[in-house]
Amino acid sequence: MAATDMQAGADRGLYVPRLSFRHKKGAAFFAICLAGTLVGVVFLAFLLLDVWRDGAGFLRWEFLQNFPSRFPERAGFQSALWGSLWLIITTALLAFPIGVGAAIYLEEYAPRGFVTKAIQTNISNLAGVPSIVFGILGLQLFVRGTIGIGPSIGGGFGRSIIAGGATMALLILPIVIVAAQESIRAVPPSLREASYGVGATRWQTVWHHVLPQAFPGIMTGTILALSRAIGETAPLIMIGALTFVAFRPESLLDPFTVMPIQIYNWVARPQPEFQDLAATGIIVLLVMLLSMNAIAVLLRQWTGRRYGR
Amino acid sequence: MAADTAAAGGPAAQFQRRRGRELVEQAIGYALFLCAAITVLTTVGIVLILVVEGLQFFRDVSPWEFFTGTKWTPLFTNQAFGVLPLIGGTLLVAVGAALISVPVGSASAIYLSEFASPATRAVLKPILEILAGVPTVVYGYFALTAVTPLLRTTLFPETEIFNALSAMVVVGIMTIPMVSSLSDDALHAVPADLREAAYGVGATKFEVVTRVVYPAALSGIIASYILAASRAIGETMAVTIAAGASPNLTANPLESIQTMTAYIVQVSLGDTPHGTIEFRTIFVVALTLFAMTLVMNIIAARVTARFREVYD
Amino acid sequence: MVGNVTDEAERTAASAAARAAGVSVQAGVRATEPEPAAEPGIAVEMRNISLWYGQKQAVGNVSLDVPRNRVTALIGPSGCGKSTLLRCINRMNDLIDGVRIEGEVMIDGANIYAPNTEPSQVRRHVGMVFQKPNPFPKSIYDNVAFGAKINGYTGNMDDLVEESLTKAALWDEVKHELKKSGLALSGGQQQRLCIARAIAVNPEIVLMDEPCSALDPIATQRIEDLMLELANDYTIVVVTHNMQQAARVSHKTAFMLAEDDLVGRLIEFSDTDEIFLNPQDSRTEEYITGRFG
């Protein structure tokens, strides 16, 4: 390098590259970026440690078996666990078929045009609507059966699992649709052509060829969407998921509570024992969420191998 | 084939339409359209409910009073319907959260996109995404039981039990993945040949990143900031638990405030009867919230679309 | 990816001093040199260059002397390693993970792969123009001024921008709209802007990697004229898949070929006329007569 500057350019001396200064700035910048990345990681570690420290004390079988109680040592999570289970199944049964149906329509049936574009834009806007607004929709539409004008639509379902499940289904619908659309789009067009080529109709092509290929991806997206629903609190508070439920729901029309609402209920009490109970509830909730996420990730990897993607 | 030709005028028998099959196909098409239409109906439902109840509210309270009043006490005997304290509280938390999520999220996006090895990236990205997946009620718990006590024992002893600052911190953290993952996408979309061009005139990595790649990705990155802010505005549980329930037009983050979302939760947890003006406040507050987030999301979508145009 | 940043910073401080000394001595020598028309010196001396992408070898043992102030063309069928070889001259390959390079590239008697070398400074002295025009999404002015700014140019920036754009035959077309985005120009203008950007940091050598492959014939011709003109001030190495172009613009031509083992090797290197009219190697002859590639 020593001699690279030999060319005679008259302005050669005009460049002062100050390399060591620039490298120092670069190193500092690298350190800042790394530190920024670690902020999130460190915070997450602190949060998990804190929750574990507070909540491990109540973590035993009775916690999962008992119903809520005024006495912290007797209080438990059973009704919340069952409520969450009922709710999530209801949500899945509603959101999955509607979401996949909408995705099939948009990817395979919809004509290119204004209406389709409007539906697509609407879906991405819905994904950004605060969850509590969905709660208000659920309260009016599903609990009370009215949209404020005109006759009430059959009186509504009251503060029941079906009302909660329907609200949650609308909330996660945009996520399910977008995930399903991406999976369907990833199916190679050659497969469709092959199917049409042997005389299949559009629906036969979708049902026998496109959906089976897209199915694992759709499942992954749906599980992730459901794991969002299982942690949602605000919309269910709106529709009045009771905060004190000392029984297991038996039907879709029963009132219910869910894990995050029970946690909120405990957090909001002043006694420190209840706050520790909340931490115990959080541990259970997070374990459930992490296992759902793990299933989704495994599913993705498994299909990745299967289709060589 | 030719041997089977049908009578003149109609198509060959094997090419004729099968009426039943066709009806089934049509029915399926309509059913699928209905599924897609549900999303539109959802939006229509939201707007209709909020507007209908909101209009009824404005029959009793003038929009002027609502949007310019600085006292919000609908649940007290001495009622006042000025929404500014709620909007102020909401914006205070959102701005504070952005002060955390924007720099931290950008830094981690740049690290992940420009510095991290693929292996490091594969570990760090999912960890950051867990931050976005933790339920907000958990953040609220952490803000109330860990962040606030920490603030009171170390930096600011005068912090109130319920305060905006702890909510800012956790809302900021929970929106980091949003900023970092969308900004990461934007940085990745910057074509490799721009980086090469910058290296080609003797730029160091630092200069390539800060003076070429980051500016080139800027509109995509700004969209991520807007979306994160919109998310912070709509955030409910963490602010309800940590920031308090006192509508308070203040810029002091150590005080207790109330956000729009927290107010809606407060009313729905109470025993305010339906059909009263007190209850209608939640619709009109929700309408304001909905309008604010919608505008931000639309702006973000526009900015993103323009960003994509540049590099397609 | 480019090695330990802080270590290099320390070393560069030392080598900067040495370079400063070298400048005055060498510049003095250069000033007394005759017109380059006679017998040009050697600008780049490649000695036994081999390159691997991971386990796969792409360039095999190439040695090549690039004459100063001349246009040297690298030709060969696609996949023959000519672009890869070109990128060895300004250490652009360092940016790709898993690349290993053996051999030496001597520029003015110094090996640019010597351990204490700073890649960014190599690239400042060896500019590059790419296959697809790639102006920054900045104004025309900022595109040209970018390299000078980061390299601490202390002269008059406006003059430098004008001078560089003039040399790149673009000044007259853009002098009234320097604030316009570089992306708003036509493809051929963009490529000339990229040339202006490259020469604004006053390199000795300009590498061009198929600079006309994305341009129409008229724009191509302007760039070709420009190459010959620039050869008065710079040493130019151009990769091209277009043999006519090599014949039109270059003084010397190197023919590369990757045979069955897919490793690119130098087959023949000589004056351009010689290569095209009287090739010594049968493979060169087959290629230039269009029998493969």
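No value in this document is a laboratory result; all are computed from the given coordinates. None of the values given here were measured: they were computed from a predicted structure. As a convention, Cβ positions derive from the backbone with ideal geometry for all residues, glycine included, and neighbour counts pool all protein chains shown.
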Note to self: If you take each beta carbon of peptide A:200-207 and count the beta carbons of other chains within 10 angstrom, what is the mean?
What the structure shows: 3
Note to self: Which residue fluctuates most in the GNM of chain C (Cα springs below 10 Å): C:Asp108, C:Asp172, C:Asp142?
What the structure shows: C:Asp172
Next item on the list: Take every residue in peptide C:242-253, count the Cβ atoms of other chains within 10 Å of its Cβ, and give the average of those counts.
Entry: 0
Check: Counting DSSP beta bridges in the protein assembly as shown, what percent are antiparallel, to the nearest 5?
Finding: 60 percent
Note to self: Please compute the alpha carbon radius of gyration of segment B:204-290, then divide it by the globular-protein estimate 2.2 N^0.38 Å. Two decimals is fine.
What the structure shows: 1.61
Checklist line | 13 Å Cα-Cα reach of C:Lys149 towards aspartates and glutamates, excluding residues that sit fewer than 8 places from it in its own chain | finding: B:Glu207, C:Asp158
Notebook entry, point to check: Taking chain B as a Gaussian network, where each spring joins two C-alpha atoms under 10 Å apart, which residue of B:Ile127, B:Ile176, B:Ile221 fluctuates the most?
Noted result: B:Ile127
Notebook entry, point to check: In peptide C:195-202, what is the residue-averaged number of other protein chain Cβ atoms found within 10 Å of each Cβ?
Noted result: 3
Check: Of A:Lys25/C:Lys82; B:Lys205/C:Lys132; B:Lys125/C:Lys56; A:Lys25/C:Lys138; A:Lys24/C:Lys175, which ones are farther than 28 Å apart at the Cα?
Finding: A:Lys25/C:Lys82; B:Lys125/C:Lys56; A:Lys24/C:Lys175
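Using square roots of five times the C-alpha gyration tensor eigenvalues, list the equivalent-ellipsoid semi-axes of segment A:61-306 in whole Å, biggest first.
38, 22, 14
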Notebook entry, point to check: Between B:Leu218 and C:Lys179, how many nm apart are label points set 7 Å from Cα along the C-beta direction?
Noted result: 1.5 nm
Check: On average over all directions, what projected area in square nanometres does chain B have, based on the convex hull of its Cα atoms?
Finding: 28.5 nm²
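In whole percent, what relative contact order does segment B:84-311 give with Cα contacts below 8 Å and a gap of six or more residues?
For segment B:84-311, the relative contact order is 31 percent.
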Notebook entry, point to check: Once the Cβ-Cβ distance between C:Asp273 and C:Asp159 is put in as r, and R0 is 56 Å, what FRET efficiency do you end up with, to the nearest 0.05?
Noted result: 0.90
Checklist line | Relative contact order of segment A:45-195, defined on C-alpha pairs under 8 angstrom at six or more residues apart (%) | finding: 25 percent
Checklist line | segment A:88-143 versus segment C:177-216: alpha-carbon centroid distance in Å | finding: 48 Å
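Give the Kirkwood hydrodynamic radius (Å, one decimal) of the protein assembly as shown, defined as one over the mean of 1/r across all pairs of different Cα atoms.
32.0 Å
If you take the C-alpha gyration tensor of segment C:2-288, multiply each eigenvalue by 5 and take the square root, what semi-axes do you get, largest first, in whole Å? Don't skip to the answer; put the middle values down first.
Numbers: eigenvalues 161, 122, 76 Å².
They are 28, 25, 20 Å, listed largest first.
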Notebook entry, point to check: In percent, what relative contact order does chain C have, based on Cα pairs under 8 Å that are 6 or more apart in sequence?
Noted result: 24 percent
Check: Taking springs between alpha-carbon atoms closer than 10 angstrom, which of C:Thr240, C:Thr72, C:Thr84 fluctuates most in the Gaussian network model of chain C?
Finding: C:Thr84
Check: What size of dipole, in debye to the nearest 20, comes out for the protein assembly as shown about its Cα centre when the only charges are +1 on Lys and Arg C-beta atoms and -1 on Asp and Glu C-beta atoms?
Finding: 2260 debye
Item checked: Within-14-Å neighbourhood charge of C:Ser186 [Cβ basis; K, R +1; D, E -1] -> +1
